[in-house]
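Heads up, the thing below is written out as structure tokens.
The numbers here are math on the coordinates, done by the rules we state, and not lab data. Please read all numbers here as calculations on a predicted model, not as lab measurements. Here Cβ is always computed from backbone atoms with ideal geometry, including for glycine, and neighbour counts include all displayed protein chains.
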Amino acid sequence: MIRMLLKTENSPSLLVVRLALAIVIFPHGTQKVLGWFGGSGFTATIHQFSAMGFPAWSVILLMTTEFLGALLLVLGFLSRLWALATGISISICMSLYHIQNGFFMNWFGLQKGEGFEYHILVLGICLALVIGGGGMFSLDQRLADRQDNLNKL
């Protein structure tokens, strides 16, 4: 089971996709956890999401995914797990707040809210990582290789 979670190809494409996801998601995590980039910070985020009907545990999972998960994606540690968690959270966000606004982003401020095209891109990235793993220079790859070497002994 662990072997399947860690196994990945030595792919530079997966490295690029993994880093792109981490770079895009991490600032959202810092908004929620640290209050950076105009965010609310940990306590206020829990209160805001609770007011929208989300239980505190789910908000903590979201913050863990966006903050810690993004950092671990940079390192390529448990890449499939963090990509799956990110995909689930972006799917929830898309279905609750963006589907009703149509496909396109609100580039010119002419529609009520943002569409879901960004979310489709993030989901595609997440799916690529869930299927392929962390790729080149990932801790997943190193751990899988180490486990293979131990199994050969």
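In deg cm²/dmol and to the nearest 500, what is the mean residue ellipticity at 222 nm of the chain if only DSSP H runs of at least 4 residues count, each as -39500 (n - 2.57), divided by the residue total?
When only DSSP H runs of four or more count, the value is -21000 deg cm²/dmol.
Using DSSP to define loop residues, name the chymotrypsin sites (Phe, Trp or Tyr not before Pro) in the stretch 65-148 whose beta-carbon has at most 12 other beta-carbon atoms within 10 Å. Working shown, then result.
Details: sites: F67, F77, W82, Y97, F103, F104, W107, F108, F116, Y118, F137; in loops: F77, F103, F104, W107, F108, F116, F137.
Passing sites in the stretch 65-148 are F103, W107, F108.
Mind checking the stretch 52-153 for trypsin sites (Lys or Arg not before Pro) that DSSP puts in a loop (not H, G, I, E or B) and that have at most 15 other Cβ atoms within 10 Å?
Taking the stretch 52-153 and a limit of 15 other Cβ atoms within 10 Å, the loop trypsin sites (Lys or Arg not before Pro) found are K112.
Between V130 and F37, what is the spin-label point distance in nm, taking each point 7 Å from the Cα along the Cα→C-beta axis?
Output for this residue pair reads 2.3 nm.
Please list, in order along the stretch 106-117, the HN-Hα scalar couplings obtained from phi with the Karplus expression 6.51 cos²θ - 1.76 cosθ + 1.60 (θ = phi - 60°), rounded to whole Hz, x for Gly and Pro.
Once rounded to whole Hz, the list reads 8, 4, 10, x, 9, 10, 5, x, 7, x, 10, 5.
If the reach is capped at under 27 angstrom between alpha carbons, list the lysines near K7, excluding any in the same chain fewer than eight residues apart.
K152
Would you kindly state how much longer the chain becomes between L96 and W57 on full extension, computed as 0.36 nm times their sequence separation minus their alpha carbon distance, in nm to one decimal?
12.2 nm
Assuming R0 = 25 Å, what is the FRET efficiency of R3 and Y118, from their Cβ-Cβ distance, to the nearest 0.05?
Details: r = 34 Å, r/R0 = 1.35.
So the FRET efficiency works out to roughly 0.15.
Give me the number: length gained by fully extending D148 to H47, i.e. 0.36 nm times residue separation minus the C-alpha to C-alpha distance, one decimal in nm.
This chain segment gains 31.8 nm when fully extended.
Using Cα atoms only, what is the angle between the long axis of helix 139-152 and the major principal axis of the chain, expressed in degrees (0 to 90) to the nearest 10?
Once rounded, one gets 30 degrees.
With +1 on each Lys and Arg Cβ and -1 on each Asp and Glu Cβ, and nothing else charged, work out how big the dipole of the chain is about its Cα centre, in Debye to the nearest 20.
The dipole magnitude comes to about 280 debye.
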